[in-house]
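As structure tokens, the structure follows; a few thoughts come after it.
The values are calculated or read from the model by the stated rules, or taken from the named source; none is laboratory data. Since we're looking at a predicted model, the values are computed, not measured. Glycine gets a Cβ as well: all are built from the backbone with ideal geometry, and neighbour counts include every protein chain shown. Side chains are part of the model used for accessible areas, which takes the heavy atoms of the whole protein and leaves out ligands, DNA and RNA. Shrake-Rupley method; radii C 1.70, N 1.55, O 1.52, S 1.80 Å.
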Amino acid sequence: MSSTLVAGKPSGTPSPPASAVRVRRLRHLNEFGLLAAIVVLYIALGVTAGGFLGADNQLGILRDAATVGIPALGVTLVIIAGEIDISIGPAVAFASVLFAKGATEWGLGLPFALLLTLVAGVLWGSAAGWLRARFGVPSFIATLGLWSALGGLALYTTNALPVATPDGGFMDALGGKILGVPTPAIVLVLLFLAFWYVARRTAYGRSVYAVGGNAAAAQLAGIPIGRVRVLLFATTGLLAALTGILMAARLGSGNGGAAAGLEFDVIAAVVIGGTALAGGRGSLIGTMLGVLFISVIANGLVLLGVNSFLQDVVRGVIIVGAVLVNVVISRKGLATRTT
């Protein structure tokens, strides 16, 4: 067996080409930049926003980050595959209503209400994936239909009124803390580890990147792109349902008007984390940093007393800025690969 020799020094391990090293550095540019931005935010808000560095506030940031981060894990893989899911907000709201009604008005009890909600999430996500895979319906249109249908169902079945969840130790644990840490944050960490392993260490994870990079080539290589797409949207439906259950447990009710605009925060976190909207590139670590970045900014704006309408303005500016940075980095990466 021959080995590659690098001029000037003997080696048994081939050195990567310089272009490959530059591409790898560009892939991590967003993550390093986000990490630096978060450190700067902590320093600035720690000085200007009273109580920002307090333990209770930090736990609150973790809890809010979980609401965005749990569905963002699934949406990251969807966008890497070259698709989009904009149904997250209404899906979370409808799941919270379904869980609350199942546990109270329908008399299913907590275990069956929880199971019903998770299964329903898988079904409505699979429906969107099936429309995309079987009929070629653009994922934006399929999930836009879900966005409207689930939001309408959530409000229709509740008359826009909250549905109280039952009391009990299980609900307290689900919506409260375990060993002083918010339960949703613990769920987020466990799910992140599972998704990171699937994305980086399994054939399914590699097929998601392949489909997003070049779907036609992936199909010729034998990857069942239809099955991959259905699984991706079923996963986002499941994660939205789980987020709805955790939200209902925390608020003590299911609410058809909850989670309004959550889909924008989720997509923004994914894009800010460096996932390419064109597909084929992205990382779950970047998404988690994007989630933390957005959560810290939202928390800081509230503590600084910024008008809630202006908070939306700031969020919109951040999304546009992140997309611009994303495009610039993608172009540099493409230029590096072609030289």
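The set of residues in the stretch 181-190 being in contact (Cβ under 8 Å) with a residue 60 or more places away in the chain and open to solvent by 40 Å² or more (accessible area, probe 1.4 Å) consists of Val181 alone.
Let's see how each residue does on (1) open to solvent by 10 Å² or more (accessible area, probe 1.4 Å); (2) of a type in the set (Ser, Thr, Tyr):
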{"position": "Ala194", "(1), (2)": "yes, no"}
{"position": "Tyr197", "(1), (2)": "yes, yes"}
{"position": "Arg201", "(1), (2)": "yes, no"}
{"position": "Val208", "(1), (2)": "no, no"}
{"position": "Gly213", "(1), (2)": "yes, no"}
{"position": "Ala216", "(1), (2)": "yes, no"}
{"position": "Gly254", "(1), (2)": "no, no"}
{"position": "Ala258", "(1), (2)": "yes, no"}
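How many of the residues making up the stretch 138-159 are among the β-branched types (Val, Ile, Thr) and open to solvent by 40 Å² or more (accessible area, probe 1.4 Å)? The number of residues fulfilling the criteria is 2. Across the stretch 33-45, the qualifying residues are those that are surrounded by 12 or more Cβ atoms within 10 Å (Cβ to Cβ) and not hydroxyl-bearing (Ser, Thr, Tyr), and the one among them that is nearest to the chain's Cα centre (by Cα) is Leu34. Considering only residues in the stretch 102-122 that are assigned to a loop (DSSP other than H, G, I, E, B) and in contact (Cβ under 8 Å) with a residue 12 or more places away in the chain, the one that is most open to solvent (accessible area, probe 1.4 Å) turns out to be Glu105. The set of residues in the stretch 285-308 that are open to solvent by 10 Å² or more (accessible area, probe 1.4 Å), part of a helix (DSSP H, G or I) and of a type in the set (A, V, I, L, M) comprises Ile285, Met288, Leu289, Leu292, Ile294, Ile297, Ala298, Leu301, Val302, Leu303. Pairs meeting the criteria (first residue in the stretch 123-141 and among the basic types (Lys, Arg), second residue not in a helix (DSSP H, G or I), beta carbons under 7 Å, at least 6 apart or on different chains) are Arg132/Glu83.
Checked against the criterion of being part of a helix (DSSP H, G or I) and either more than 30 Å from Val328 (Cβ to Cβ) or at pLDDT 90 or above (or both), the candidates Leu59, Leu26 yield just one match: Leu59.
Does Ile70 count as β-branched (Val, Ile, Thr) and either over 30 Å from Arg227 (Cα atoms) or in contact with a Phe, Trp or Tyr (Cβ under 7 Å, 6 or more places away or on another chain) (or both)? Against the criterion (β-branched (Val, Ile, Thr) and either over 30 Å from Arg227 (Cα atoms) or in contact with a Phe, Trp or Tyr (Cβ under 7 Å, 6 or more places away or on another chain) (or both)), Ile70 does not qualify. The residues on offer are Gly175, Gly169, and the sole one that is at pLDDT below 90, open to solvent by 40 Å² or more (accessible area, probe 1.4 Å) and under 19 Å from Ala103 (Cβ atoms) is Gly169.
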